[in-house]
Amino acid sequence: MSASSTKTSPLHDRHTALGAKMADFSGWSMPIEYPGGGVVAEHTAVRERVGIFDVSHLGNAQVSGPGAKDFLNRCLTNDLERIEPGKAQYTMCCDEDGGVVDDLIAYLRSEDDVFLIPNAANTAEVVRRLQEAAPEGVTVENVHEDFAILAVQGPRVDEVMEAAGLPVGHDYMSFVDTTWRDRPVTVCRTGYTGERGYEVVCRVEDAEQVWDALVEAMAPFDGLPCGLGSRDTLRTEMGYALHGNELSREITPVMGRTGWAVGWKKDTFWGKEALTAQREAKESRLSGGLLVTGRGIPRAGCAVLDADGTTIGEVTSGTFSPTLKQGIALALLDRGVTEGDEVSIDVRGRQVAAQVKKPPFVEGGASS
């Protein structure tokens, strides 16, 4: 991706003015961390107080028309019949072989109106597949660059949102369409950190005003702007899957332990036959957690070994946990591996001791 083709968030000028370290993320120039403490300080702010993330690189797609919900329900894994209008749902778009094209959030506004938030790199492909499958009367629009998304996360989040004049208090995975200073916004009780939080979807032209109001509102609580570096350490502590790591065209929902987001009893969805067969066969590797007890930080691609030195898995995400102050990892592990097993991780040719642990590694308050 050349510099000229790299996309920028509508908040790019705010990030550079703060001195953020910018990096390419799925074709978007996004803040990785800010000066004054970096990833650890930002991570701690979210766990203990509050932080704000610009996640405007995430995709946006609009599915509308008679039967839009029913159409999506025949395509995506989760069952939209489980929720009512005003609720959001985590779901996946799969290949017929069960591989995950993307995981995404569906916002159900009505039977005929569903808003989707896929991942940045996969939005165009998800939209293409849905457009090709859509029946007459149902339209699927890629509106990736029409909206900005701000994630406000942490124990003090309700006080910050109220101070900024935004709605609070609605249930986890529910959303409110409202106006803020005569500007349309959608506020959803979702997030990717494990802490109580909200995500604010607004028009691109309103992004700077919403950001400024939230940054001002969180100042009395020692809140911090946070980059995608701390977003990754926070989600890894919770054991949340990242597409391209814990889920991919090769790593199915069964393997990634996201079968809870599959409507197994539905008549159809993309990949149902393959996933059902894999689920029943009980042969594939499964995602699990590793708590490092030795000295070293695991990274994606590191082999996981048993006491005999036999490879029994592979790390899909690894990092240093600022909360625990030790290494943690998510890995695809053989089915014979169980919680509490002592293993080692090959980190650049050195075996680092670890223990198998079911995530989350820390307790969060996301659904409180």
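FYI, it's all coordinate maths here, none of it is from the lab. On a predicted model such as this, the values are computed, not experimentally measured, just so you know. Neighbour counts are summed over all protein chains in view; Cβ atoms, including those assigned to glycine, are modelled from backbone coordinates with ideal geometry.
Odds and ends about this structure:
- With R₀ fixed at 30 Å, the C-beta to C-beta distance from Thr44 to Glu250 puts the FRET efficiency at about 0.30.
- Over the Cα atoms of the chain, the radius of gyration divided by the Kirkwood radius equals 0.96; this is the Rg/Rh ratio.
- Relative pair counts by distance (%), Cα atoms of segment 1-160, 10 Å bins: 10, 32, 31, 21, 6, 0
- Shape of segment 226-344, Cα gyration tensor, a/c cut at 1.5: oblate
- Net charge dipole size for the chain [Lys, Arg +1 and Asp, Glu -1 on Cβ; Debye, nearest 20]: 840
- When you restrict to C-alpha pairs under 8 Å that are six or more residues apart and normalise by the size of segment 276-350, the relative contact order lands at 37 percent.
- Per DSSP, loop trypsin sites (Lys or Arg not before Pro) in segment 118-196 with at most 15 further Cβ within 10 Å: Arg181
- Distance between segment 266-288 and segment 109-181 - C-alpha centres, whole angstrom: 28
- Cα gyration tensor, segment 182-264 - rounded (a/c under 1.5), prolate or oblate: prolate
- Under Karplus coefficients 6.51, -1.76 and 1.60, residue-wise ³J(HN,Hα) of segment 91-102 in Hz, glycine/proline x: 8, 9, 10, 10, 6, 5, 8, x, x, 8, 5, 5
- If the segment from Glu363 to Thr178 were pulled out straight at 0.36 nm per residue, it would be longer than the present Cα-Cα gap by 63.4 nm.
- Each label point was placed 7 Å from the Cα along the Cα-to-Cβ direction; for Arg279 and Thr6 their separation is 4.2 nm.
- Taken along the Cα-to-beta-carbon direction at a fixed 7 Å, the label points for Glu141 and Lys21 span 3.9 nm.
- Other-chain or far-sequence residues with amide H under 5 Å of Gly239's (modelled H): Phe361
- Simple label model, 7 Å out from Cα along Cβ direction - Glu208 to Asp306, nm: 6.0
- Cut-off 15 Å, label 7 Å out along Cα→Cβ of Gln351, residues of segment 284-309 by amide N: 293-295, 303-309
- Relative contact order (percent, whole number), segment 150-286, Cα cutoff 8 Å, 6+ residue spacing: 18
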